[in-house]
Each structure stands twice: as C-alpha cells, then as structure tokens.
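Participant: One structure, as structure tokens, below. Some questions next.
The values are calculated or read from the model by the stated rules, or taken from the named source; none is laboratory data. Bear in mind that the values here come from a model prediction, so they are computed numbers and not experimental data. When we count neighbours, we look across all protein chains shown, and the Cβ atoms used for this are built from the backbone with ideal geometry, even at glycine.
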Amino acid sequence: MSERFTAPQDDALYLQMCAEIEEKLRRAAPLYTRRYPHVSTLPAEGLRYTPEENNLWTSSFLPGMMCLAAKRTGDAAFLQYKDDYLASFKARLDNRVGISHDLGFLYTLSAVALYKLTGDEEARALALRAADMLCERYNEKGRYIQAWGEFNVGTPYVKIIVDTMLNLPLLFWAGETTGNARYADIATAHAHTCADYLVREDYSSFHTYLMDPATGKAVEGRTHQGFHDNTTWARGQAWVVTGFALAYTYTKEPRFLEVSRKAAEVFLQNLPADFVPYWDFTFNDHIPDLRDSSAASIFTCGLLELAQYADNAEAAQDRAAARTIVRSLYDHYFLHDPDRAGVLTDAIYHRDTGATCVIWGDYFFYETLLRLLGGDKCFW
Ligand code: GLY
C-alpha cells in the first residue's frame, strides 16, 4: 500500500486550499443565513448551490464550515450570522421539521460547534434537546436507532443505516457534558448493532438493514443509495470508517477500532488509479461509472482519526494515503471559482441525480485539511 500513496506533507499547499475555501465562505455567508446549500446544479447549469429551507439532513454543513473557518483563522467574521443559524435550528426543533436519525449531523455541526467555539449556553441547550429527540428513536429490543420514517412504524420493517454512525457523536458529547450515561449507552449499543449486521464478515458494508420493530430482530441487508443490496456503496463504507473511528475515540471499545481499520482497508483496496472512488465498489477503472468525491473526503477524515491509534508505520501510511487522496481531489476535482460556494465537483447524492457538488463533501474536505494541518476531531 505504501508505494501507492506518495504525496508528501505540504502545509503551504493545504493553507492555500484553506484560503480558497475561506474566500468562498466569506462570499457565501450572507446568502445562507437561515437557508442552506445542499446539492448543486449539474455542470451544464453551473454547479451552483441554491439556498434551501432548513428541512434537509444537510442543513448544518455550511454553518459547520463557518465554524471550522472561525476555529482555523480566529476570525469572528465567520460567525457573524450565528444568531441566524441558532434561530433557524431552534425553529426546526420547535416545529419538528425533518426530525430523523440525522439529528446528530444537524446539531453537532451547528449547536455543538457554536457552543464549543463561543460557550453559548443556548446552543448547548439546543444540542441537548436534539440529543434527547435522537434518543426517542432508540428501539430497546433491537438496540438500534431507527433511520427514516415514523418511529416503530414499518411496512412491516424499519431500517438501520450505516450513515447513522456519524450521528452518534452528538450522543457521546451529550453524555460527557451532562454526566448522564444513557446517551453513550444508546450510542454504544447502536454501534454494536451496526457492527453485527451492517458490516459484513469481509468488512465491506450493507447500506441498510431491515429490522422488525416489534421484536427487534434483524431481517436482511438492503441498499438505498448503492448499486445493489449486496454491493458496497462507497459513501456508506466511508461512513463506516469514520463513524467507528469516532465511536472508538469516545468509548475505547476495541471492536470499534477493528471495524474502522478493516473497513478502511476495504476502502483503500477499492480506490481507482486517481484515488477518488467510484460511487459503488462494483465499479472500477475497467468498468467505470461516476465517482463520488464526497466519499473520498469523508474517508480521509476517518483515516486521520484512525491514524491516532496506529503504530508509527501504520499511521505514516494512513497519513500518506489521506494526503494522496487530498492531492488528487485538489488537482482534479476542485472548483476554483470563489463566487461558486461548491468546493469539490464529481460528488453524487443519488446515482440518478448525477455528478454535482454536495455540501457534505465540501465540509469533510475542509475538515480533512484542518486535520492535516494538525487539528483534532473538530466538533464531532
Ligand atoms: N446520509 C445520507 C447520504 O450519505 O446520502
């Protein structure tokens, strides 16, 4: 593996990339105060984001990028709309808009991030309300947090999904800040259930698993955004790597470290020549299809989280792999126009929606840069 990943540490280049992203953020800030970017238009329509209502799973990523920018630069200008962000995310909880397993993404990168940066107690209280609402989706019998839909109402089954791993840091944080062990107990139980069913024996992953809400029994693996039930959706595998690495950071449960490490090996083995994965591991340079640059940037964050727990040689390989992927993303998939908020091209949400910028790919790319420059797990 080490011979494949050759990009050297290049702080000057990472700082240049950060500066380009931060210029985009300065220009985007007034356009996205209570409405947020999600998925851009297609290349033929200019790869432009439009401000969307705060009712999607992605609404927190732009505020999260502003928080990363404030953290990196110390420039409070990036937080000039923080009261709008908090008002918007409070209204979302008050009106129970789009309440789902994604409360972790939504409130970690808005309320928790703002609390960590500013000490604002209202932000902390808001994040704790979100954590409580996420716990309402916990099925005690099955020991899982339900994805999508009305709680415990299935036809006849409900689903768990790998994406939910990134929602667990909200619960781990809530446990730490309140001293209430129930939050971490739920998060830990859910992670074990994901490891039991969503992660296959060879450490590839199902995107989703059907669960019987009455008995809590697992039924079978399915996909939602991947190619086929039995293939591996690249972004799902990236959620596994990063989610289990973060779960290990909080719990020090050896199983979570092993899952993240082995899943990372699967991800690396499936990288094509330019180090940016096709959207499902069914595809490769011989059978090409669209790439998903967002899977690459989620993965590099997870790999750098994982590197902290590796011995020197393995950690050096992890960092070399992350640097090489970042270099390819910058050389081939970076949108340099400062007036377009999107950072990375060639991401896909659903295969049918085509290759676009997506705000979560931009977020994780920027977080990766902060990590390469010596940062920690940021707001997770
Ligand atoms: N969490 C939704 C997705 O990855 O598309």
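Participant: When both residues are 6+ apart or on different chains and their Cβ atoms are under 6 Å apart, which pairs have a first residue that lies in the range 1-20 and is under 13 Å from residue 321 (Cβ atoms), and a second that is surrounded by 13 or more Cβ atoms within 10 Å (Cβ to Cβ) and hydroxyl-bearing (Ser, Thr, Tyr)?
Facilitator: Pairs that qualify, where the first residue is under 13 Å from residue 321 (Cβ atoms) and the partner is surrounded by 13 or more Cβ atoms within 10 Å (Cβ to Cβ) and hydroxyl-bearing (Ser, Thr, Tyr), are 5/324; 7/324.
Participant: Give me a count of the residues in the range 94-130 that are at pLDDT 95 or above, of a type in the set (Gly, Ala, Ser) and within 17 Å of the chain's Cα centre (by Cα).
Facilitator: Here the count works out to 4.
Participant: For the range 138-175, which residues satisfy the criterion of being away from the ligand (no atom under 16 Å from the Cβ), surrounded by 19 or more Cβ atoms within 10 Å (Cβ to Cβ) and farther than 27 Å from residue 377 by Cα?
Facilitator: Of everything in the range 138-175, those that are away from the ligand (no atom under 16 Å from the Cβ), surrounded by 19 or more Cβ atoms within 10 Å (Cβ to Cβ) and farther than 27 Å from residue 377 by Cα turn out to be 139, 142, 158.
Participant: Select the helices (runs of 4 or more DSSP H) contained entirely in the range 65-137, then report the ones holding at least 1 residues which are within 16 Å of the ligand (Cβ to nearest atom) and aliphatic (A, V, I, L, M).
Facilitator: Per the criteria, 103-107, 121-135.
Participant: Residue check, residue 37 against (1) touching a Leu at 6+ places or on another chain (Cβ under 8 Å); (2) loosely packed, with under 15 Cβ neighbours inside 10 Å; (3) not β-branched (Val, Ile, Thr), all met but one. Which one?
Facilitator: (2)
Participant: While we're on this one: Is it true that residue 225 is more than 22 Å from residue 265 (Cβ to Cβ) and touching a helix residue (DSSP H, G or I) at 6+ places or on another chain (Cβ under 8 Å)?
Facilitator: For residue 225, the condition - more than 22 Å from residue 265 (Cβ to Cβ) and touching a helix residue (DSSP H, G or I) at 6+ places or on another chain (Cβ under 8 Å) - is met.
Participant: For the range 239-257, check the following and say yes or no: at least one residue is at pLDDT 95 or above, part of a loop (DSSP other than H, G, I, E, B) and away from the ligand (no atom under 16 Å from the Cβ).
Facilitator: yes
Participant: Still on this model: Would you mind finding the one in 74, 64 that is without any contact (Cβ under 8 Å) to a residue 12 or more places away in the chain and closer than 24 Å to residue 340 by Cα?
Facilitator: Selected residue: 74, the only one of 74, 64 that is without any contact (Cβ under 8 Å) to a residue 12 or more places away in the chain and closer than 24 Å to residue 340 by Cα.
Participant: So which pairs qualify, if the first residue must be in the range 162-177 and under 17 Å from residue 100 (Cα atoms) and part of a helix (DSSP H, G or I), the second must be within 14 Å of the ligand (Cβ to nearest atom) and of a type in the set (Val, Ile, Thr), the Cβ gap must be under 7 Å, and the two must be at least 6 apart or on different chains?
Facilitator: 162/240; 164/145; 165/240; 166/242; 169/108; 170/108
Participant: When only residues in the range 215-240 that are over 21 Å from residue 350 (Cβ atoms) and touching a residue at least 24 places away in the same chain (Cβ under 8 Å) count, which is surrounded by the most Cβ atoms within 10 Å (Cβ to Cβ)? Walk me through it before giving the result.
Facilitator: So in the range 215-240, the residues over 21 Å from residue 350 (Cβ atoms) come out as 215-220.
Those still in the list that are touching a residue at least 24 places away in the same chain (Cβ under 8 Å) too: 215-219.
On the way: 215: 11, 216: 14, 217: 12, 218: 18, 219: 16.
Residue satisfying both the conditions and the ranking: 218.
Participant: Check 238, 273 and return the single one that is small (Gly, Ala, Ser) and in contact with a Cys (Cβ under 9 Å, 6 or more places away or on another chain). Walk me through how you get there before you give the answer.
Facilitator: On the way: 273 fails: in contact with a Cys (Cβ under 9 Å, 6 or more places away or on another chain).
None of the other options fit; the residue is 238.
For every residue, the table says whether it meets (1) within 16 Å of the ligand (Cβ to nearest atom); (2) closer than 22 Å to residue 36 by Cβ.
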position	(1), (2)
318	no, no
322	no, no
326	no, no
338	no, yes
344	yes, yes
361	yes, yes
379	no, yes
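Participant: May I ask you to list the residues in the range 40-61 that are within 16 Å of the ligand (Cβ to nearest atom), without any contact (Cβ under 8 Å) to a residue 60 or more places away in the chain and either buried (at least 23 other Cβ atoms within 10 Å of the Cβ) or within 18 Å of residue 21 (Cα to Cα) (or both)?
Facilitator: Within the range 40-61, 59, 60 qualify.
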